[in-house]
Amino acid sequence: MKPLHVRAAVCVLALGLLTACGGPGQDVVDSSNVPRLRAHAADAVNGRPRTVLPQGPRSIFTTYRTTGDDGTKVLHTRWHGRASGYTGDVWTWVPPQYDQPQYARSGFPVLIALPGAWGYPANYWADAPFALEERLAEWSKQGKTLPFILVMPVLNPRKTYYDGSDIPGQPKMGSWLTKDVPDFARANFRTYGSRDGWAYMGSSSGGFAALKAVLKEPQRFKAAIVNGPDTAPDSPLWKGHPAEELANDPRHLARQLVARGGPQVYLAFELGSKEDAVPDVQRFISGYTNGVRGPIHSTLFEIPDGVHSGHTYIKRMAESLHWISEQMQGPVAAPSV
């Protein structure tokens, strides 16, 4: 669905923000109807969770911006991916709970957040206009979502789109997103050893990459928030590589996962009601998800009068994060003395 990418490109400024499709002053985010998480969300999914301590090599970070009044910071670094061979920019943020004494030995769930448009040279989820970090700090403090570590890599190696895939003859951006970026998180932060602590969120072409990553590697990633996505590969770089393109098609991957019967994955879709992608995403949901015994579970949050923009998707982000949080592992506080 190339028009999604073309339309998004019209909305891109120098930093890759989708601001022309709605400004930050219009981002009214009402989370008052989002309930607290069920108690089990803070318990181990399968016995006591296995915390993985930082494995190194530790990155050298610089402050990108300071968030809110809690003293947390969005940090920036560059990371060389061993699997892909690509070296790219990564922004990251840890929630206030990460440094609280009662969680000092606990792992935290990781949310890999991907931008839309061309996804280079920046990742707009790290920027102030969306205030994703400030909102997540508030929602997790209220017990409505888990306190995720946010990892926000570049999506592409240059200003074109690679479908978050290892396209023959091109930089291996599929390996970058599904192997190298998680390796970065494990090197620097306390994470979890099971897939219950790993999820994606992405918009537009980043939504496609998030959807594909979870369907292709469900043994490693459990959930995704998928905003205004394509549901089929559409990079022109696939020309001449039909077999590899099919192997990176979410529809094909969904059929394979259904045929195998699992493992279970959870997909929270967000769509603006004015998006051209609405019928296509609805077909994907009805065709591959929510079967009584099927392994692919989904929910759809439709935003009235919403357009193809991160400023649309942030409006339902609390609900999407709540939904996937219910399926995942949260940090476990040390027993009180």
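Every read-out reported here was derived from the displayed coordinates using simple, explicitly stated rules and does not represent laboratory data. Note that the structure is predicted; figures quoted are calculated from it, not measured. Note that each Cβ is placed from the backbone with ideal geometry, even for glycine, and that neighbours are counted across all protein chains shown.
Key figures
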| read-out | value |
| --- | --- |
| Quotient of Cα Rg and 2.2 N^0.38 Å for segment 189-246, N being how many residues it contains | 1.29 |
| Computed lengthening from R105 to Q264, 0.36 nm per intervening residue step minus Cα-Cα distance | 54.4 nm |
| Nearest-0.05 FRET efficiency for D305 and R50, computed from C-beta distance (R0 35 Å) | 0.20 |
| Amide H within-cut-off set for F108, under 5 Å, with H built and near neighbours excluded | T191, Y192 |
| Estimated vicinal HN-Hα couplings, Hz - segment 77-87 in sequence order (Karplus 6.51, -1.76, 1.60; Gly, Pro = x) | 7, 10, 9, 9, x, 6, 6, 8, x, 8, 10 |
| Virtual spin-label span in nm between R82 and S286, 7 Å along Cα→Cβ | 4.7 |
| Spacing of the two label points (7 Å from each Cα toward its C-beta) at A128 and K141, in nm | 1.9 |
| For K144, distant residues with modelled amide H under 5 Å away | L37 |
| Taking the convex hull of Cα positions in the chain, its mean projected area over all directions (nm²) | 16.3 |
| Nitroxide proxy distance, nm - points 7 Å out along Cα→Cβ at S273 and H297 | 2.8 |
| Computed [θ] at 222 nm, helices only, for the chain once each DSSP H run of length n ≥ 4 contributes -39500 (n - 2.57) | -6500 deg cm²/dmol |
| Placed amide H near S298: partners under 5 Å, 5+ positions off or other chain | L267, N290 |
| Per-pair calculated FRET efficiency, R0 = 30 Å: A243 and S32 via Cβ, rounded to 0.05 | 0.05 |
| Spatial separation of Cα centroids for segment 159-198 and segment 118-158, in angstrom | 16 |
| Relative packing of peptides 294-304, 129-139, 27-37 - highest average C-beta neighbours within 10 Å first | 129-139, 294-304, 27-37 |
| Kirkwood-based shape ratio for segment 106-173, expressed as Rg/Rh from alpha carbons | 1.08 |
| Cβ crowding within 10 Å averaged over residues, with 95-102, 208-215 ranked highest first | 208-215, 95-102 |
| Relative contact order of the chain, pairs being alpha-carbon contacts under 8 Å that are 6 or more residues apart, as % | 23 |
| Packing-based order for 163-175, 253-265, 224-236, using average beta carbon neighbours within 10 Å, highest first | 224-236, 163-175, 253-265 |
